[in-house]
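The values are calculated or read from the model by the stated rules, or taken from the named source; none is laboratory data. Here the structure is a predicted model, which means the values were calculated and not measured. With ideal geometry, Cβ positions are generated from the backbone for all residues, glycine too; neighbour counts draw on all protein chains shown. Only protein heavy atoms, including side chains, enter the accessible area calculation; ligands, DNA and RNA are left aside. Shrake-Rupley method; radii C 1.70, N 1.55, O 1.52, S 1.80 Å.
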Amino acid sequence: MTEPLIIGIESSCDETGVAFVRGNTLLGDVVASSVEQHARFGGVVPEVASRAHLEELIPTIRRACEESGHRLADVDAVAVTSGPGLAGALMVGVASAKALAWALDKPLYGVNHLAAHVCADVLDHGPLPEPTVALLVSGGHTNLLLVRDIASDVVELGSTIDDAAGEAFDKVARVLGLPYPGGPHIERAAAEGDATAIRFPRGLTSRKDLERHRFDFSFSGLKTAVVRWVQERERAGEPVPVADVAASFTEAVADVLTRKAIDACREYGVGDLQIGGGVTANARLRALAQERCDAAGVSLRVPRVRLCTDNGAMVAALGSQLVQRGLAPSSLDLPADSSMPVSQVKAD
Amino acid sequence: MLLLALDTATSAVTVALHDGDQVVAEESLVDARRHAETLTPMIASVVAGARHRPADLTAVTVGVGPGPFTGLRVGLATAVTLGLALDIPVYGVCTLDALAHAVALRPGSPAKFVVATDARRKEVYWAHYRTNDGFPQRVSGMPQVSRPADLSDEIRALPAAGRGPLLYPDCFASALQPLDVPAGALAAYAVEQLRTGGELLPVQPLYLRQPDATPSAGPKSVLPR
Ligand SMILES: [Zn+2]
């Protein structure tokens, strides 16, 4: 018997994603991004993103059908990101998924975007080891999760108390005169730089902070420290060593992220770490995570970069897990929940 | 023919079914905050209540606004997805035209009137209509968005349907029903246009406003002055 065919729809931020998954196999994965439309604003503008989702919705579904070789009529269940994310953006995907589920008379699964990020890797490396610790880092989120059961038991150990890691990349890029989105440009600049040139602060790592915020993150202070350092050079009329700043900033981010992730693995006796989210594209973060996992005897799983950023594949992958585990579908009146807690993997 | 009509560009979520002769089912719910939650369950209820299945639908028509953006997009995303999934055509209708048709369908409706709906931010979406053989025609060109106090005396003197006169009673001479668009009138409008070869719109939102966003300036100084 073949496994059910799941369509996944993602619209929580600035990527419209649609994909098909059967079991743990990705059959088609199309993403339309509005990132270029946000560039001159220096960050995602919710209304611009929502307009783009509506424009790209049908073309993206069509292309995903073509790429997968399937028709919508072949679908056995519909999965959609129902939160967390930008409310107006989420609503486009949720409305479409409901219409699809009703028209096809198939079950609808409203799923959590963060849990879906964790699930993306099953498409590359097979079933998720459980328990696993997951570190999710992007322009919209920075979370450390303990996943005992991806369908029903996900606990947030910590998250950012101010900026997301990806936002810090965008803001530092801006002060260095690099374009939006900052991640790839900082990475390119950092390649030529010395990561030990400047000792930027590591947020929430002091002894006092570790008591209350052991697994939380803070990037606002780091960002301000970088901006201050750069502006002091500019004021003094000195050249700004862009490469060294980029490399030292990246090191500070990667250091805190990986240090806390490994600490969580130790604390909970978990032998597997999974990282995901757009910032995972950063090679230094991946390399440092690997180094520290090796040293700690933790096995690291990182999906290919395309599956780290937002897409429909991860949504379909989580939908597929829920169907495989026999969970009840969501109701057709499920809301788009912009602040859906990660402990809620599936909407009721 | 079995046409599904839906609109989410006013405070109501509204759905109707038209068989080519008449409206055979209709439901509306006034709740401007829950468009995304209520629309598809309402479609399911209307279609099942009329003893039909999704595959029986032959076309969809949707109000393309103008209206508050988030709700408006729920209707459009739903309509275009139904069109794709069921492989049936989707027709756009200006929401104000559908509301004007609802006015014209009522006995004793005036020959000239305005439709003015809530555009939030102290503005209304509006258009000026004249009925011709019981069918409304826009005489003011494309719908516009204005502060009600900025409307011309000529427009303000006309009776007005929609929530505009309810929200800004000082700016309109008198109020007409309905306040929100009923999908039955939307369906009837689309059927009439299809029958007479009249104009239907592409399924694209009439936003009438640019997104609010200002291009980013350089980083602010964090140094003491
Ligand atoms: Zn994400």
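Here is how the numbers come out for the structure above:
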| read-out | value |
| --- | --- |
| Pairwise FRET efficiency - A:A287 versus A:V240, Cβ, R0 = 30 Å, nearest 0.05 | 0.75 |
| Total formal charge among the other residues, if their Cβ is under 13 angstrom from that of A:P329, Lys/Arg +1 and Asp/Glu -1 | 0 |
| Stokes-Einstein D in µm²/s, Kirkwood radius over Cα pairs - the range A:114-185 at 4 °C with 1.567 mPa s viscosity | 96 µm²/s |
| Hypothetical label at A:D194: residues of the range A:284-299 whose amide nitrogen lies under 11 Å (7 Å Cα-Cβ projection) | none |
| Dmax and Rg, reported as Rg then Dmax, of the range B:96-176 (C-alpha, Å) | 11.4, 36 |
| Helix runs (DSSP H) in chain A reaching 15 Å along axis by Cα, Kyte-Doolittle at least -0.5 | A:46-68, A:87-104, A:165-175, A:242-268, A:283-296, A:312-324 |
| 10 Å Cβ neighbours from other chains, averaged over peptide A:96-109 | 6 |
| DSSP-assigned coil residues among trypsin sites (Lys or Arg not before Pro) in the range B:1-105, each with at most 13 further Cβ atoms within 10 Å | B:R33, B:R51 |
| The range A:245-321-the range A:35-100 distance, computed between alpha-carbon centres (Å) | 26 Å |
| Coarse-grained scattering of chain A at q = 0.06, 0.09, 0.11, 0.12 Å⁻¹, given as base-10 log I(q)/I(0) from a Debye sum over alpha-carbon atoms | -0.21, -0.47, -0.70, -0.82 |
| Ranked by how many other beta carbons lie within 10 Å on average, peptides B:98-106, A:260-268, B:203-211, A:79-87 from highest | A:79-87, B:98-106, A:260-268, B:203-211 |
| Protection proxy ranking, peptides A:233-245, B:13-25, A:23-35, A:102-114, average beta carbon neighbours within 10 Å, highest first | A:102-114, B:13-25, A:23-35, A:233-245 |
| Number of partner chain Cβ atoms within 10 Å, mean per residue of A:73-80 | 1 |
| Of all accessible heavy-atom area on chain A, the percent that carbon and sulfur account for (1.4 Å) | 48 percent |
| Inter-label distance, nm, simple model (7 Å from Cα along the C-beta direction), A:T224/A:R212 | 1.6 nm |
| Qualifying GluC sites (Glu not before Pro) in the range B:154-214, DSSP loop, other Cβ atoms within 10 Å at most 11 | B:E199 |
| Average partner coverage of B:31-44, which counts Cβ from other chains inside 10 Å | 5 |
| Low-density loop cleavage sites - GluC sites (Glu not before Pro) in the range A:1-58, where at most 15 other Cβ are within 10 Å (DSSP) | none |
| Measure of compaction for the range A:132-302 (Cα Rg per 2.2 N^0.38 Å) | 1.03 |
| Of A:K171/A:K260; A:K171/A:K208; A:K106/A:K260; A:K260/A:K346, those spanning more than 30 Å from alpha-carbon to alpha-carbon | A:K106/A:K260 |
| Å² per residue, accessible surface of chain A at 1.4 Å | 37 Å² |
